[in-house]
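The values are calculated or read from the model by the stated rules, or taken from the named source; none is laboratory data. Keep in mind that what you see is a predicted model, and the values were worked out from it rather than measured. Neighbour counts are summed over all protein chains in view; Cβ atoms, including those assigned to glycine, are modelled from backbone coordinates with ideal geometry.
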Amino acid sequence: MLTADDQVADRPEHAADRPLRIALLSCAHTHAAGYASLLDAREDVDLVVSDPDGFGDVHVSERSRIVGSHEEALDAWSHGPDAVVVTSANAHHRDLVLEAARRGAHVLCEKPLATTVADAEQMVEACREAGVLLMTAFPVHFAPQVASLREAVARGSIGEVVGVTGTNNGKLPTGRDWFTDVELSGGGALVDHTVHIAQILDSVFGEPQTVHAVTNRILFADRAGDGAETGGLVTLTYPDGLVATIDCSWSQPADAPTWGGVTIQAVGTQGLLAVDPFSQHVGGFDQWLPYGANLDELMLDAFLDAVRQGSGSDVEPSGEAGLRTVKIVAAAQESVRTGQPVALADL
Amino acid sequence: MTAPPVGRLCAGIIGTGGISRAHAPGWIDAGAELHAFSLEGAEAFAEQFGAILHDDLDELLAAVDVVDVCTPTPSHPGIVHQALDAGRDVVCEKPLALRAQDARDLVEHAERAGRLLFPAHVVRFFPQYAAAKQAIERGAIGTPAVLRFERTGAMPRQPWFADESRSGGIVMDQMIHDLDQAIWMAGPVTSVFAQQNRRGEDGSLRTAHVALTHEGGAISHCRGLWGAPGTVFRYTFSLAGDGGRLEYDSASGDGVSWDEVAIAGRSSGGDYLPDVSGMASPYALEIRDAVATLETGSAPRVSGADGVTAVEVALAALESIATGRRIAC
């Protein structure tokens, strides 16, 4: 089997000695602009961005290029890209990741990893077989506050954790209508916002046993596509009795001074710990000036470091972590359909 | 000392445990002559609040116009029925009863007797919740969509609270406040899913999560916690609608803050009732509302039917915890 390492070794310049060739595929996701800007600014990256949908609002310097098709981006280097960043509409993740794996390129894929469990499994398997890294883009994983939570739980600083409330509330994304076109997004807020908290819970507590969800479509009802929920509450129960609820709603008012936020409150037998990765800001009337760590930058650092180290390296959050969160979303959707909690094992 | 005014209201507190001490100042503020009967602690209560003590319930019922039932929950139905039979109006600490039929019977009895039955859901009188309710009524958040409520405190010290057969546990005794708020703000509940986690001896630490769906489509999350020893009482809400969002956290303070050095010199924590020293006492406002209903016939902020509904939803949550299923209401 030809692995990415073999291919890189075959290439005239080794990846360690030259800029990494990165293809950022699609400008459909709102995060594409941020990732492109960070990658464009790096001396150690040669960036090509594809914008086949013609969004036209992702800008790069003369160091980088924007092209009109994924093929052009993937063919931009004679030896192919070292890695791709997939920021397409959710339903297109699978084909782009499979193509990247086929070409032996490492992959950073926007969350949610896929719109179905089958797609996510296929993507994880394809990358494993191709010997390429698959990382799922969960920037909040890199927040120092979330690291504090992980460390506190590991040290037993709040005793045994018995309950968690997580919130990931935001505005309905603007200028990207596909977010609530269920054919392209896989669903609404349940799909877009459950996975951030679910991934953090996954990294701290492992997999839940059952998933229950209720949703509605009251917030942003005039803009959300048919069948896309805009409010949701997902309750996870774990084998040791831990109960966790995620509020995944797009409940940040459209005129709020910031996009939304993430909070996690962990209740332990020896106290309560609350973390708020987006709390650091200078405020004022209708003002919100964030000064916290750039989580996208920390995530891209981790990805690029792993790419330089090659396919033998590990990178978290992995494709497997992405898959596990897709399963939680699928169970939540099934719970909404059946009106009852769903055992992950029955999925 | 001036003589009591003619026709002065006589109020009888039954059961002089923790909650009676929160209620008593409200009756005094309302100008009532305070009477009391209790199996335990009556003398200390009488000394503190100047109440006239009675040796048994019948004697108290003969002496007062209105009773305030502050006994442990299992005894509520018997005492309320007896008070209504004696022709007395009734304020009753929440929950009205541990069984829905018992609660419904009380309301039916009060209606038949033509007497007030006022379930003391005091959170409706906390100014933060009252302000939010008024704002929702005038459309400040549009249609309510996703509501979250949290209530955090230490488990009450009296042992009967730990016994779910007597108190109904954290859902029936503590979270019922937030279940009532969710219903008050977002309308009748159509389904309930609940989970509970208990730790420690006798479940000394308990948390419960409840997800409600409402008739209008809104969904609500209530999170209750009887936390580790020393847990400071705290309550929060977040109310999102299609026209805006309201948020409150009691940890944001009441306009008075102490630095760490100052705090070290004060006792704090381990509370099962909130500190209301920085606001108009919700307990007094609650009693005043009951008195206003008696004196003017105004509609009380909380009706007997509201008390029944809260018990029904709490029982659905307990059934969900027991079965692992979502329960239709």
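Points to keep in mind about this one:
- Complete set of residues in segment A:328-347 that are farther than 12 Å from A:THR215 by Cβ, more than 13 Å from chain B (Cβ to nearest Cβ) and crowded, with 19+ Cβ neighbours inside 10 Å: A:ILE328, A:ALA330, A:ALA331
- Considering segment B:277-320, the residues that are within 14 Å of the chain's Cα centre (by Cα) and more than 20 Å from B:LEU116 (Cα to Cα) include one that is surrounded by the most Cβ atoms within 10 Å (Cβ to Cβ), namely B:ALA314.
- If the condition is being crowded, with 19+ Cβ neighbours inside 10 Å, farther than 22 Å from A:GLY163 by Cβ and aliphatic (A, V, I, L, M), then segment B:135-165 contributes B:ILE136, B:ILE141, B:ALA145.
- Within segment A:241-262, considering residues that are more than 10 Å from chain B (Cβ to nearest Cβ) and touching a helix residue (DSSP H, G or I) at 6+ places or on another chain (Cβ under 9 Å), the one nearest to A:THR174 (Cα to Cα): A:GLY260
- Residue match in segment A:107-125 (condition: in contact with a strand residue (DSSP E or B) (Cβ under 9 Å, 6 or more places away or on another chain) and among the acidic types (Asp, Glu)): yes
- Residues considered: B:ASP178, B:ASP173, B:ASP68. Of these, the only one that is within 14 Å of chain A (Cβ to nearest Cβ) and under 14 Å from the mean Cα position of the chain (by Cα) is B:ASP178.
Okay, residues lined up against (1) assigned to a strand (DSSP E or B); (2) of a type outside the set (Lys, Arg); (3) free of Cβ contacts under 8 Å to residues at least 24 places away in the same chain:
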site	(1), (2), (3)
B:GLY7	no, yes, yes
B:GLY12	yes, yes, no
B:ALA22	no, yes, no
B:PRO25	no, yes, no
B:PHE45	no, yes, no
B:ALA62	no, yes, no
B:VAL67	yes, yes, no
B:VAL80	no, yes, no
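- Meets criteria (among the β-branched types (Val, Ile, Thr), modelled with pLDDT under 95 and crowded, with 24+ Cβ neighbours inside 10 Å) for A:THR194: no
- Residues that are within 14 Å of chain B (Cβ to nearest Cβ) and touching a residue at least 60 places away in the same chain (Cβ under 8 Å) within segment A:269-319 comprise A:THR269, A:GLN270, A:GLY271, A:LEU272, A:LEU273, A:ASP276, A:SER279, listed in sequence order.
- Only residues that are crowded, with 24+ Cβ neighbours inside 10 Å, under 23 Å from A:THR230 (Cα atoms) and charged (D, E, K, R) were counted in segment B:179-234, giving 0.
- If you go through segment B:186-205 and keep only what is more than 8 Å from chain A (Cβ to nearest Cβ), farther than 20 Å from A:PRO239 by Cα and assigned to a strand (DSSP E or B), you end up with B:VAL189, B:THR190, B:VAL192.
- Taken over segment B:206-234, the criterion of being at the interface with chain A (Cβ under 7 Å from one of its Cβ atoms) and modelled with pLDDT under 95 is satisfied by B:GLY227, B:ALA228.
- Residue tally, condition in a helix (DSSP H, G or I) and not polar (S, T, N, Q), over segment A:284-338: 30
- Selection within segment B:141-162 - under 25 Å from A:ALA244 (Cα atoms) and within 10 Å of chain A (Cβ to nearest Cβ): B:PRO144, B:ALA145, B:VAL146, B:LEU147, B:ARG148, B:GLU150, B:THR152
- Residues in segment B:40-77 that are farther than 23 Å from B:ARG288 by Cα and among the small types (Gly, Ala, Ser) were compared, and the one that is surrounded by the fewest Cβ atoms within 10 Å (Cβ to Cβ) is B:ALA44.
- Residues of segment B:235-264 classified as over 13 Å from A:GLY231 (Cβ atoms), facing another protein chain (nearest Cβ under 10 Å) and out of contact with any strand residue (DSSP E or B) (no Cβ under 6 Å at 6 or more places or on another chain), total: 2
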